[in-house]
Amino acid sequence: MSVFSTIVSQLFNGLQSGSIYALVALGYSMVYGIIMLLNFAHGDIIMVGAYIAWIMMTMLGLPPVIGIIAAIAGCTLLGVLIEKAAYSPLRKSPRLSLLITAIGISFFLENISQLIMGAGAKAMPSIISGSNFRLGTTEISFVSTVTIVVSVLSMVLLTFLVQKTKMGKGMRAVSEDMGAAQLMGISVNKTISFTFAVGSALAGIGAVLYCSAYPQASPTMGSMLGLKAFVAAVLGGIGSIPGAMIGGFAIGLLEALVSALGLSVWKDGVVFAILIVVLLVKPTGIMGRVIKEKV
Amino acid sequence: MLTVNDINVYYGPIHAIKGVSFEVRPGEIVALIGANGAGKSTVLKTISGLLRPKTGNIVFDGRDITKLEAHKVVRAGLAHVPEGRRIFLQMTVIENLEMGAFTKSTVSEEDLEDIFTKFPRLKERRKQVAGTLSGGEQQMLAMGRALMSKPKLMMLDEPSMGLAPILVEQVFSIITELNKAGTTILLVEQNAGMALDVAHRAYVLETGNITLSGTGEELAQSDEIRKAYLGG
């Protein structure tokens, strides 16, 4: 393989995993933006989405479309449910209680999945199928292309939702000043539920795309993915939507670069080194603003 | 229009409002004056549902709103321009006004034009992010935003805070105009002179109690008030 085609194919690999990180990072960032919670159960929502798709397609023998819809709908519902059951009763508690609860929910989801589905990985049938195509001399994976396109479309849609729709503007208002937003007649509870729904739907899309790239489901699959997406969110500037997108793609491309240099065992290490460097050098991330604590 | 009956409000163990009662009649400008820390803002926050009284009740337009959630109080026709304005600094002027009309199904162009006629500066800066506005413009935006909900009663918390004297004059003349156009107003101010000047009636709040009440003129003439709030 020529150098050029190595570069092109690694670029596609990087963009593929990067777009999945970006989708997951968006969920982290949106939730942080609105209730200042690092929702460490977010990665596990992806795992549940993967199992839902697996159950639909393998156990029930339904077509991939149903698997995809069910995974996205299931994740959306689960996200809203977690918020209502676990986080909303803690609205007035210290932030640390909320964080510990999120970690608890993450353990709960991982263990309950292990109990129901078993500890072993389940092989995922192919969700997205199509033939690869050539770009010059380089073969481009169909799944990579679909992943990148779907992610970018989701992000465009999300940007429109947040910037232009009434609910999206309400979301920005609540995330900037919850009290003032209430005085405008915006229901904080509804807005928070909506944010969790959107973030979790993106996680559902991420689950489908992730399983297309790595076709298996296991109880702990969400934790590493979730952590890396968290790094992406911090790199981009947690709380910032464009930041999460940039951070996600940056982490994906960086991983591909490290692998291309023949250092793929160092991949995870490099990602977490980035986290340390960002926290030391620019804790607000690329797009982050310094948020003044309200007195 | 608004009746506050013997409310008691606590911040944890601190008894901030100790049995406050007052009323605002339709068409009035009522001022609530008092020193820093007297509990003026707490009273407004309790009326708008951001805080809950432990005892007592609040009746607005014949309806008990004591336990109504803040976002539903606006729907009942009561707008609150909070202390420090609290506009959405990262959103544009237009978006801020749209948020003011959140309770309406659509943002009507007429209402926007109406606000821009009252506050021409906002029209010039409609696309600008609100954080870039000057203090005076931010106060105009906060008032415009509240008006977008078409309130029957508008509560203003320290509208003169941090503004240059000329802007204070302007803000108070706008308040008078709004009132003439039919909006009832409940005003909280440390700037007692200005407030008593425009108010039909006023109440004096001292450490959680109402100690005096009367027409704006009466209070402005009262020796006690002159000593305590009007600088002699």
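Some points to look at:
- Scanning the range A:61-95 for residues that are within 21 Å of A:Lys190 (Cβ to Cβ), at pLDDT below 95 and charged (D, E, K, R) gives A:Arg91, A:Lys92.
- Conditions (1) within 20 Å of B:Thr184 (Cβ to Cβ); (2) of a type in the set (Lys, Arg); (3) touching a helix residue (DSSP H, G or I) at 6+ places or on another chain (Cβ under 9 Å): number failed by B:Arg52: (1)
- Which numbered condition B:Asp223 fails, given (1) within 14 Å of the chain's Cα centre (by Cα); (2) over 24 Å from B:Gly19 (Cβ atoms): (1)
- When the residues of the range B:169-192 are filtered to those that are in a helix (DSSP H, G or I) and of a type in the set (Gly, Ala, Ser), the one that is farthest from B:Leu153 (Cα to Cα) is B:Ala192.
- Residue within the range B:35-46 that is of a type outside the set (Ser, Thr, Tyr) and either more than 17 Å from the chain's Cα centre (by Cα) or more than 16 Å from B:Glu206 (Cα to Cα) (or both) present: yes
- Any hit, the range A:231-251, residues being within 21 Å of A:Glu110 (Cα to Cα) and outside any loop (DSSP other than H, G, I, E, B): yes
- Residue that is within 14 Å of another protein chain (Cβ to nearest Cβ), of a type in the set (Ser, Thr, Tyr), crowded, with 19+ Cβ neighbours inside 10 Å and touching a residue at least 24 places away in the same chain (Cβ under 8 Å), where the choices are A:Thr191, A:Thr195: A:Thr191
- Taking every residue in the range B:217-230 that is among the acidic types (Asp, Glu) and pairing it with any residue that is outside any helix (DSSP H, G or I) and surrounded by fewer than 17 Cβ atoms within 10 Å (Cβ to Cβ), at least 6 positions away or on another chain, the pairs with Cβ-Cβ distances below 9 Å are B:Glu224/B:Thr211.
- The range B:45-60, subset among the charged types (D, E, K, R) and within 14 Å of another protein chain (Cβ to nearest Cβ), residue surrounded by the most Cβ atoms within 10 Å (Cβ to Cβ): B:Lys45
- Filter result for B:Glu177 (over 17 Å from B:Ser21 (Cα atoms) and free of Cβ contacts under 8 Å to residues at least 12 places away in the same chain): no
- Residue match in the range A:132-155 (condition: in a loop (DSSP other than H, G, I, E, B), in contact with a strand residue (DSSP E or B) (Cβ under 7 Å, 6 or more places away or on another chain) and either surrounded by fewer than 18 Cβ atoms within 10 Å (Cβ to Cβ) or away from chain B (no Cβ under 14 Å) (or both)): yes
- Which listed residue, of B:Ile87, B:Ile115, is crowded, with 17+ Cβ neighbours inside 10 Å and either more than 14 Å from every other protein chain (Cβ to nearest Cβ) or without any contact (Cβ under 8 Å) to a residue 12 or more places away in the chain (or both): B:Ile115
- Yes/no for B:Ala35 being closer than 25 Å to B:Thr215 by Cβ, away from chain A (no Cβ under 11 Å) and at pLDDT below 95: yes
- Segments classed as helices (runs of 4 or more DSSP H), wholly inside the range B:50-168, with at least 1 members that are under 23 Å from A:Met167 (Cβ atoms): B:70-75, B:93-100, B:109-118, B:135-147
The values are calculated or read from the model by the stated rules, or taken from the named source; none is laboratory data. Predicted model only: the values in this text are computed from it and were never measured. As a convention, Cβ positions derive from the backbone with ideal geometry for all residues, glycine included, and neighbour counts pool all protein chains shown.
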